[in-house]
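Inspection log for the structure reproduced underneath, given as structure tokens.
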Amino acid sequence: MALPEGRVTTLARPLGELWKFRELIALLVSRDLKVRYKRSVLGMGWTLLSPLLQMLVYTLVFKTIMRVDVPQFPVFLLAGFLPWTLISVSLTGAAHCLLNNQGLIRKVAVPQMVYPLAVVASKLVDLLLSLVPLAIIAAALGRPPGLSWLGLFPSLVLVTLFSSGLALLFSSLTVFYRDMRHLIDILIQVWFYVTPVIYPVSYLEKLPYRSLRWILAANPATPIVRCFQLSLYEGRLPGASVLGPAALATALVLGLGVLVFTSREAEHIHHF
């Protein structure tokens, strides 16, 4: 079924506006990276070190103590943890970006959408850099990068658009409902544990309650994380059975985020 012409225009117009201000987005990303690592001894090295430290902690807990039966667990963990981190930090970081930039929004006539999307772009840089230690660890543990890593290209597009939809949605909602910042923290914690990042997706299929399996199967982050796990850990290109649900989840979240943001954008300035 074709979308109404007005709805198509609503979705397409922001893309044209964002392209005009692409240099501003790049400037905001650069500013975020410089501020984040200013006066830091390791600087951008923290982008590489942070996921490795978290990997060590989770490996100790889930492989040694809880004994999750997953071969080469560090590779499996990083394969799911990196896209999940982009989703979660984009959501938490973008939630306050309009409030933090309200001075600029009042003075500079640019689409407000550039601020949450700049947050996502900045976190995407972290993910891309983190692929380097992942490749090294994978090679050391007998799972070197191969042709399956080509699956990263569609996977990166999907996780970036998915994160952008969440960033747009929650950055707008937080302007009107300041309690969102507390709800987001709870949402991220719960969402993490119901997403197969630290355990195989097969664990969800073994749950004794069918209704719970259906609820968890509807998790929109699962197929996106699976795209990365298939490419980086299992050595297989994501097939239609995974890319299809991932693309559908991305389209729904991005569409919702764009529609909510654009419909309320003019009201943001009155609620700062």
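The values are calculated or read from the model by the stated rules, or taken from the named source; none is laboratory data. Everything numeric in this text was worked out from a predicted model, so none of it was measured. FYI the Cβ positions are ideal-geometry reconstructions off the backbone, even for glycines, and counts take in every protein chain you see. For accessibility, only protein heavy atoms count, side chains too; no ligands or nucleic acids. Shrake-Rupley method; radii C 1.70, N 1.55, O 1.52, S 1.80 Å.
Within segment 194-272, considering only helices (runs of 4 or more DSSP H) that don't extend past its boundaries, which have at least 1 residues that are within 18 Å of the chain's Cα centre (by Cα)? First the steps, then the outcome.
Numbers: elements: 202-205, 210-217, 221-229, 240-268.
By residue number, 221-229, 240-268.
Each residue in segment 147-187 was checked for being within 17 Å of the chain's Cα centre (by Cα), open to solvent by 40 Å² or more (accessible area, probe 1.4 Å) and hydrophobic (A, V, I, L, M, F, W, C), and 5 of them qualify.
Filtering segment 197-231 to residues that are under 20 Å from Gln72 (Cα atoms), at pLDDT 95 or above and of a type outside the set (S, T, N, Q) leaves Val225, Arg226, Cys227, Phe228, Leu230.
Yes or no: segment 131-146 includes at least one residue that is in contact with a Lys or Arg (Cβ under 8 Å, 6 or more places away or on another chain) and either among the charged types (D, E, K, R) or open to solvent by less than 30 Å² (accessible area, probe 1.4 Å) (or both). Scanning segment 131-146, I find no residue that is in contact with a Lys or Arg (Cβ under 8 Å, 6 or more places away or on another chain) and either among the charged types (D, E, K, R) or open to solvent by less than 30 Å² (accessible area, probe 1.4 Å) (or both), so the answer is no.
Residue-by-condition table, conditions (1) closer than 27 Å to Gly146 by Cα; (2) surrounded by 13 or more Cβ atoms within 10 Å (Cβ to Cβ):
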site: Leu204; (1), (2): no, yes
site: Leu212; (1), (2): no, no
site: Ala217; (1), (2): no, yes
site: Leu230; (1), (2): yes, yes
site: Glu234; (1), (2): yes, yes
site: Gly239; (1), (2): yes, no
